[in-house]
1. List the lysines whose Cα lies under 16 Å from the Cα of LYS135, skipping any in the same chain that are fewer than 8 positions away.
2. Ignoring solvent entirely, what values of log10 I(q)/I(0) come out of the Debye formula for region 233-355 at 0.10, 0.13, 0.20, 0.22 Å⁻¹ when each Cα is a single scatterer?
3. Need one number: the % of Cα-Cα pairs in region 212-304 sitting beyond the 20 Å mark.
4. Summing +1 for each Lys or Arg and -1 for each Asp or Glu, what net charge is found among the other residues whose Cβ lies under 14 Å from the Cβ of LYS322?
5. Under the Karplus relation 6.51 cos²θ - 1.76 cosθ + 1.60, θ = phi - 60°, what is the ordered set of whole-Hz ³J(HN,Hα) values for region 313-318, x standing for Gly and Pro?
6. Only sites in a loop by DSSP and with at most 15 other Cβ atoms within 10 Å count here; which trypsin sites (Lys or Arg not before Pro) in region 114-161 make the cut?
7. How many percent of the alpha carbon pairs in region 51-118 exceed a separation of 14 Å?
8. Please give the contour-minus-distance gain from LYS304 to LYS287: 0.36 nm per residue of separation, less the Cα-Cα distance, rounded to one decimal in nm.
Amino acid sequence: MNLICTETQAKYPINDIRWKSDTDALLDIEFYPIIDLDKIKQRPFNMWRYLESFPLNSFENLVSFQEGFTPLLKEVIAQKEVYLKVDYFFPTSSYKDRGTTLMMTHIKNLGITDIVQDSSGNAGASVACYSSRGKVSCDIFVPESTPQAKINQILLYDGKVHQVQGTRQDTAEKAYQKAHKSYYASHVWNPFFIQGTKTFAYEICEQMAWDAPDTIILPVGSGSLLLGTYLGFKELKDNHIISKIPKIIGIQSEICSPLYQMFEQNLTEIPKIANQPTLAEGIAIAKPLRARQILEYIQNTNGKLLTVSEEEIKESFLMMAKKGFLIETTSSATIAGLIKYINYFAENDEVIVSTLTGNGLKSMTKIGKIL
Ligand SMILES: *Cc1c(COP(=O)(O)O)cnc(C)c1O
């Protein structure tokens, strides 16, 4: 196991206290787990049952709520039967806890006491929650437009909130500066986060009797769910547990779609995106740092990206509410993308999985405006 620089391929010991390489580039983890289904089946039904797939040096003191193993529901959407993984069933009501529980356990293993994170809300709430559970001090940077409910959630967990004027990007830059004197528990920079979101793939596979679906439809902003999902399926394939990696379809908001534009126009640089509000605030990332990796993984699966309009996000939000799902509008953007995919691309017998990433209770003010 090593940390490996995504630019120079320089390697560092896995337990180095670092979140970027010596050349200021992103780190990945070089790690090829051996998966033993018999061992997994003996453990409790939570995401920690996939122990062998986590690159940690100790499992003695988990910073955990025994989270995960969320329901995989069969639902009819746009007249097609699909599966929805209900990932708002987590301690802080978003899938971010998958990455945070793993990253925070690593942080405790290393003896780190102070961390920094930036977020439009959910990642901040998640890191603040697990920081208080692990007794680590955390500074959370959020854009000034962040809903008060999400800020309150961070404050309740004793997170130190710093509201930053300007764009989501300005917030990320403030946190990046601060992280040089601390440790960056970023869901984008920190490679341990993505090791936790891999469990999304493991759980789907196990819930489908150790088989993989044909297609996975996911929201994508910075890619922390998408990248982990790809890695998880890849590890299962490398272990000969499944025979194919599902096609991955990434959903973006029309208003903020840098990855979609790069994919469609074969761009190598991230295009400039005008800063405008979208209902899909959780995926409004103008400068996705791991863009190259995200596009490479999508391409490897023969997948693609789709965009959805504000009107489509609103319609699918209301449609899901009528089925009893109170989700974030970021998550209803995924459903709008799922509907588009079904209407224009899906085969009759294609097995499709999508997900509900965040709970709508945190955005009731915004939801009031839709009503
Ligand atoms: C963070 C988040 C996403 C997108 O995750 P990325 O890592 O930015 O791709 C999607 N939905 C919700 C509810 C989120 O909180």
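Taken together, the values in this text are just the output of simple stated rules run on the coordinates, not laboratory data. What you see is a predicted model; the values in this text were computed from it and never measured. Using ideal geometry, Cβ is built from the backbone for each residue, glycine included, and neighbour counts are taken over all protein chains shown.
1. LYS108, LYS160
2. After summing over all Cα pairs, the log10 values are -0.34, -0.58, -1.18, -1.30.
3. Working: 1473 of 4278 pairs.
In whole percent, the long-distance tail amounts to 34.
4. On the way: positive: LYS314, LYS323; negative: GLU75, GLU315.
In short, 0.
5. So the J values, rounded to whole Hz, are 5, 5, 4, 6, 4, 5.
6. On the way: sites: ARG133, LYS135, LYS150, LYS160; in loops: LYS135.
Here the sparse-neighbourhood loop sites are LYS135.
7. Working: 1516 of 2278 pairs.
For region 51-118, the share of Cα pairs beyond 14 Å comes to 67 percent.
8. Details: separation 17, 0.36 × 17 = 6.12 nm, distance 1.86 nm.
4.3 nm is the gain from fully extending LYS304 to LYS287.
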